[in-house]
1. Which Cα, out of 53, 83, 22, lies furthest along the positive dipole direction of the chain (beta carbon charges, K/R +1, D/E -1)?
2. Within the stretch 38-66, name every residue whose backbone N is under 11 Å away from a label modeled 7 Å from Cα of residue 82 along the Cβ vector.
3. Would you please give the residues with an amide H less than 5 Å from that of residue 91, counting only those at least 5 places away or on a separate chain, with H modeled from the backbone geometry?
4. Taking Cα atoms, how many degrees apart are the long axis of helix 50-65 and the longest axis of the chain, rounded to 10 and kept between 0 and 90?
5. Have a look at the DSSP beta bridges in the chain and tell me what percent are antiparallel, nearest 5.
6. For the stretch 84-99 and the stretch 1-69, what is the separation of their C-alpha centers, rounded to whole Å?
7. Which whole-number percent gives the relative contact order of the chain, counting Cα pairs below 8 Å spaced six or more residues apart?
8. Report P(r) for the chain: all Cα-Cα distances, bin width 10 Å, range 0 to the bin holding the largest distance, values in whole percent.
Amino acid sequence: MSTPSLTVTHVPERRSFETPDGAHLTYDLTDDRAAFVHTFVPPELRGQGHAAALTRAALAYARTAGWQVVPACSYVQVFLQRNPELAALPLADGRPFVVSL
């Protein structure tokens, strides 16, 4: 399934990435390590690519910000298993992009 074109907004004060229709991915940030802890999509929108769009946007932001990502959320773990190329490249300073719990 292709991911729909969704507007995903980073809302730092809530430590989340959000879509206008109520889907969100939340994270905890310690120093430069972001644990992606929860992905939520309203039931009526599930199966339409919202979680994938949130995860892609959050990963892109994290890479640009130089954050290491800890995939604490089960959805993010599965997403990275299905898209290993998104985790394979190290950060600009050579640190691994995705680290385990």
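1. Farthest towards the positive pole: 83.
2. Residues passing the 11 Å test: 47-53.
3. Sorted by chain and number, the residues that satisfy this are 97.
4. Roughly 30 degrees, rounded to the nearest 10.
5. On the way: 13 of 18 bridges.
Here the share of antiparallel DSSP bridges comes out near 70 percent.
6. 18
7. Values: 164 pairs, mean separation 23.6, N = 101.
Relative contact order for the chain comes out at 23 percent.
8. Over the chain, the share of Cα pairs per 10 Å bin runs 16, 52, 28, 4, 0 percent.
A short reminder: the numbers here are calculations on the coordinates, not readings from a lab. Owing to the predicted nature of the structure, the values given are computational and were not obtained by experimental measurement. Here the Cβ is made from the backbone with ideal geometry for all residues, glycine too, and neighbour counts use every protein chain on show.
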